[in-house]
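**Student:** Before I ask anything, here is the structure I am working with.
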Amino acid sequence: MVLLVGVAASGKSTFARRHFAATEILSSDAMRALIADDPSAQNATDDAFDLLHRLLAMRLRRGRLTVVDATNVEEWARRELIAVARRHRRPAVAIVLDLSLEVVLARNLEREAPRPPAAAVRRQHGWLRSSLETLPGEGFAAVHVLRSEAEVESVRIERV
């Protein structure tokens, strides 16, 4: 399991599409769209993550590489996903898009409406920054932190 970690507008979905097959990506926005016909429907979030976790378990049970495209900036959310990977005896890797607050706020303004309010992006950024110290001890086989747009652009994913 590859867990993408980053605030809204950090480029997680773009990163996922660039490096992984569409069938390998489980996106919380896509799950909301399936359930409520709207990827930003926050009132569908609980059902979206229930579906995401079920699909993740099915894919991991079959030994399929699976990328979770969600903010994953809160420890409790990562813990739940790592537990799914452990139940299926699969390693979990975190790829963190740790871009500056200024960059993500600017990107967020460029997004089509509806978009998260700046206060939500700031709150997520704070949670992400707090998580950087704890991530290595959360049960990941590896944690890769990308700290700039240049680092994100230069990444090469190797499958072994």
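**Student:** With θ taken as phi - 60° and the coefficients 6.51, -1.76 and 1.60, list the Karplus ³J(HN,Hα) couplings across the range 60-77 in order, rounded to whole Hz; mark glycine and proline as x.
**Tutor:** Those phi angles translate into 5, 4, 8, x, 8, 4, 9, 10, 9, 9, 8, 4, 6, 8, 9, 4, 4, 5 Hz.
**Student:** For an R0 of 45 angstrom, estimate the FRET efficiency from the Cβ-Cβ distance between L132 and R54 and round to the nearest 0.05. Each step should come with its number before you reach the end.
**Tutor:** On the way: r = 30 Å, r/R0 = 0.66.
About 0.95, to the nearest 0.05.
**Student:** Ok, one more. Taking the highest mean first, how do the peptides 51-64, 143-156 order by number of other beta carbon atoms within 10 angstrom per residue?
**Tutor:** Answer by packing, highest mean first, reads 51-64, 143-156.
**Student:** Another one. Could you work out the helix-only [θ] at 222 nm for the chain, with each DSSP H run of four or more residues adding -39,500 (n - 2.57) and the total divided by the number of residues, to the nearest 500 deg cm²/dmol? Write down the numbers at each step before the final one.
**Tutor:** Details: 7 runs with 77 residues, N = 160.
Taken over the chain, the calculation gives -14500 deg cm²/dmol.
**Student:** From the Cα gyration tensor of the range 2-154, with a ≥ b ≥ c the square roots of its eigenvalues, which class applies: rounded if a/c is under 1.5, or else prolate if a/b is larger than b/c, or else oblate? Don't skip to the answer; put the middle values down first.
**Tutor:** Details: a/c = 1.58, a/b = 1.18, b/c = 1.34.
Cα axes put the range 2-154 in the oblate bin.
**Student:** Please compute the length gained on full extension between E75 and A120, using 0.36 nm multiplied by the number of residues separating them and subtracting their Cα-Cα distance. Working shown, then result.
**Tutor:** On the way: separation 45, 0.36 × 45 = 16.20 nm, distance 1.69 nm.
Full extension from E75 to A120 adds 14.5 nm.
**Student:** Each residue of the range 79-87 in turn: what ³J(HN,Hα) in whole Hz from Karplus with 6.51, -1.76, 1.60 and θ = phi - 60°, glycine and Pro shown as x?
**Tutor:** Karplus values, whole Hz, x for Gly and Pro: 4, 4, 6, 4, 4, 4, 4, 5, 4.
**Student:** Right, here's the next one. Check S27: other-chain or 5+ apart residues with amide H under 5 Å from its amide H, H built from backbone geometry?
**Tutor:** Amide H neighbours of S27, under 5 Å, 5+ apart: D69.
**Student:** From the backbone phi of the range 128-143, what are the Karplus-calculated ³J(HN,Hα) couplings (6.51 cos²θ - 1.76 cosθ + 1.60, θ = phi - 60°) in whole Hz, Gly and Pro given as x?
**Tutor:** 4, 4, 5, 7, 4, 6, 8, 3, x, x, 8, x, 7, 5, 7, 10
**Student:** Going by how many other Cβ atoms sit within 10 Å of their own, how do S40, S28 line up, fewest first?
**Tutor:** Starting with the residue having the fewest Cβ neighbours, the order is S40, S28.
**Student:** Would you grab the residues whose amide H sits under 5 Å from the one on L3? Only those 5+ places off in sequence or on another chain, please, with H modelled 1.01 Å from N.
**Tutor:** Answer set, sorted by chain and number: V68, V93, A94, I95.
Every number in this text was worked out from the coordinates using simple rules, so none of it is lab data. Predicted model only: the values in this text are computed from it and were never measured. When we count neighbours, we look across all protein chains shown, and the Cβ atoms used for this are built from the backbone with ideal geometry, even at glycine.
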